[in-house]
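Here's the structure, in structure tokens; my notes come after.
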Amino acid sequence: MNPQTGPGRTGRRVAVTGMAVTTGYGHGVDVLRDGIYSGVPAFVPVTRFDTSRYRVGVAAQGAAELDLDTELKTLTEEACKQAGLTQGERANTLLVAARHADPAVSRLPRQEQESRPISETAQWLARECGFGAAGRTYINACVAASTAIAEAGTLISSGRHDRVVVVAGHLVDAESFTTFNAGKALAVDGRLRPFSSGRKGLLLGDGAGAVVLEAADSREEMSPLAYLDGWGMAGDAHHVCQPHPQGLGMARSIQLALCRAGLGPQDVDYVNAHGTGTPYNDSAETAGLHRAFGEHTERIPVSSTKSMHGHALQAAGMVEFVICVLALQSGRLPVNSGYLGPDPDCRLDLVLDTPRERAAEHVISLNSAFGGANTALVVSAA
Amino acid sequence: MTTASKTTTLEHVVWPAEGEREQPPNLPGFTASPFGPIIAHVADRCLSRHWGEPPAPPERAGRTGMVMVSRLGDMATEAAVTSSVDSGTKASPLLFYQSVPSAVLGVVSARWGLGGPVICISPAGDPLAEGVELAELLIEDGSAADVLVVLVELATREGESDRAEALLVTASAPRGEEGGA
């Protein structure tokens, strides 16, 4: 395959050259790899704040004292080091971010909030890490990180930038627990069981990460970990917080991503699903997968690794993107944990019990969010 | 109608308009903050000016995306959430989805049938410039044919009013095919 053009109608091919992540398993890609391939979920009793007033007290929480901005800086440095970026190359790098508003800012007097935009993390990181500029900060919830990665793909493939670093972060906090508790969205049985009968809802998890994306033809000293070959985004046009029951937006995002990658359903080796473990999401996502993949659907292995690392909200797409790269590198597909039995509305080839050996070439990472937002990223082996 | 190099702005509305002091209409399902109602109101005003009554024409609707731009986001909803945390009182179930900035765009997209990307950003620079730039990127990239850009900021000082703008952006016609509007 021509490394300059990629397989589809994308312009320049987009290489993944560095990645770093922190999850409920702890700090680092190695720790995440060990965790998800162990099949043991990272859910533990939350110690970061008092959960006694909530219906659920567990999450995939890492170190209680984590500070999001500090962790993002550490991860950004690690990802850039892996990519082998010089200071000069960093100076020509754009940083794009994904996160939610800092709850501490809403506790300030209104007038003081004015100087604390949500994008201040990105601007601080750009300065601290020696990047040329800070770009946008995506705040569209559970698709924030995946949308940021898609924008980075567009900026690189179109020739606007040679290199974009994407960072994303969400740490389990009392504010997200309060809203998810109020929405009765947390799994009262303490397990996140995607696509399973008897699934009760989701569990939250820490997630922070950074990836370095570069035009594959932009540097000679480059060792790609994988390629971002396709991305698609589409809306459900359906509801404020429920997915379209037929998965219309999800299906279109998959079709757009595959089209951009120059691939078809027959080329897909694995899907890392959004799979939140809520009754609405998982049946709608299954419908979207059937709509997009047709007769190929039930032979494509699927798992939602949220079943092990929890839902990292604005960072979900980052954590799951990294897991897709790990699946390509290791030739093993991570499991869909917590499965109790089949749901007739979720007819999929789920990866159950143990990781599945598969020399995957192309995998898809899916995410969706309130407001009917859907994203699909096609990640290909290096 | 204004034309940039790659896109054309079909409509541009500002809220509140000069001399306008009304609050946006209540939006069922949203509480404690004018953020969502303002977005829905200004989006409707922009789209109805161009397309009349909803839904959007089928040949445009499916590939119309939405970009919401806000430096601070919905600080009123955030304050409602943190107040619940700090006081130990139960939060309204509505805050579950209202605390997600993209949720209100689901109201707009459902009403108008918009099937393009649903994106919310906090810009690093000028909100209008970045919103339009992102719309151009989505159009050039083939992710959308038209993009509704909504800018919104809640007031942070006494005596100021909340403010919003909405623009409908489309690809510029190739040279020599411009219309006379």
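The values are calculated or read from the model by the stated rules, or taken from the named source; none is laboratory data. Note that the structure is predicted; figures quoted are calculated from it, not measured. A quick note on method: Cβ atoms are made from the backbone with ideal geometry, for glycine too, and the neighbour counts reach across all protein chains shown. Calculation scope for accessible area: heavy atoms of the full protein, side chains included, ligands and nucleic acids excluded. Shrake-Rupley method; radii C 1.70, N 1.55, O 1.52, S 1.80 Å.
Computed on chain A, with alpha-carbon pairs under 8 angstrom and 6+ residues apart, the relative contact order is 24 percent. Model label points for A:Asp353 and A:Gln87, set 7 angstrom from Cα along the Cα-to-Cβ axis, are 5.6 nm apart. Of all DSSP-defined beta bridges confined to chain B, some 65% are antiparallel rather than parallel.
Could you name every residue in segment B:50-81 that has 20 Å² or more less accessible surface in the full protein assembly than in its own chain alone (probe 1.4 Å, ligands and nucleic acids excluded)? Buried-area filter returns B:Arg71, B:Leu72, B:Met75, B:Glu78, B:Val81. The mean accessible area for residues of chain B, using a 1.4 Å probe and ignoring ligands and nucleic acids, is 42 Å² per residue.
Within the same chain, lysines fewer than 8 places from A:Lys184 are excluded, and of the rest, those with a Cα less than 30 Å from its Cα are A:Lys200, A:Lys306, B:Lys90.
Here the simple spin-label model places points 7 Å from the Cα toward Cβ, and for A:Ser197 and A:Arg107 these points are separated by 4.6 nm. In summary, no lysines lie within cross-link reach of B:Lys6, defined as a Cα separation below 29 angstrom excluding same-chain residues under 8 places away. The value of relative contact order for chain B, using C-alpha pairs under 8 Å at least six residues apart, is 34 percent. Considering only beta bridges that DSSP places wholly inside segment A:229-381, some 70 percent are antiparallel.
Subtracting the Cα-Cα distance of A:Tyr54 and A:Ser115 from 0.36 nm times their residue separation leaves 18.6 nm of extension gain.
Annotation: for a label point projected 7 angstrom from Cα along Cα→Cβ of B:Ala155, residues of segment A:98-117 with backbone N closer than 20 Å are A:106-116. What the Cβ-Cβ distance of A:Val44 and A:Glu77 gives, at R0 = 22 Å and to the nearest 0.05, is a FRET efficiency of 0.20.
FRET efficiency for the B:Thr89 to A:Asp345 pair, using the beta carbon distance and R₀ = 30 Å, is estimated at 0.25. Placing dummy labels 7 Å off each Cα toward the beta-carbon, the span from B:Val14 to B:Leu128 is 0.7 nm. The antiparallel fraction among DSSP beta bridges confined to the protein assembly as shown stands at about 70%.
Accessible area per residue for chain A is 32 Å², calculated with a 1.4 Å probe on protein heavy atoms, without ligands, DNA or RNA.
Taking both sides together, what accessible area is buried at the A/B interface, probe 1.4 Å, expressed in Å² and rounded to the nearest 100? Chains A and B together bury approximately 4600 Å².
Counting only other chain Cβ atoms within 10 Å of each residue's Cβ, the peptide A:239-250 averages 4. Expressed as a fraction of 2.2 N^0.38 Å, the C-alpha radius of gyration for the protein assembly as shown is 0.89. Just the protein heavy atoms count here, and of the accessible area of segment A:229-381 at 1.4 Å, carbon and sulfur take up 50 percent. Distance between the C-alpha centres of segment A:80-106 and segment B:1-69: 32 Å, rounded to the whole angstrom. The protection proxy used here, the mean number of other Cβ atoms lying within 10 Å of each residue, ranks peptides B:43-51, A:11-19, B:144-152, A:222-230 as follows, highest first: B:144-152, A:11-19, A:222-230, B:43-51.
Once the Cβ-Cβ distance of B:Arg21 and B:Glu53 is raised to the sixth power relative to R0 = 30 Å, the FRET efficiency obtained is 0.70. Placing a label point 7 Å from the Cα of A:Ala382 along the Cα-to-Cβ direction, the residues of segment A:329-369 with a backbone N closer than 20 Å are A:329-334, A:358-365. For the peptides B:8-21, A:208-221, A:305-318, the ranking by mean Cβ contacts within 10 Å, running from highest to lowest, is A:305-318, A:208-221, B:8-21.
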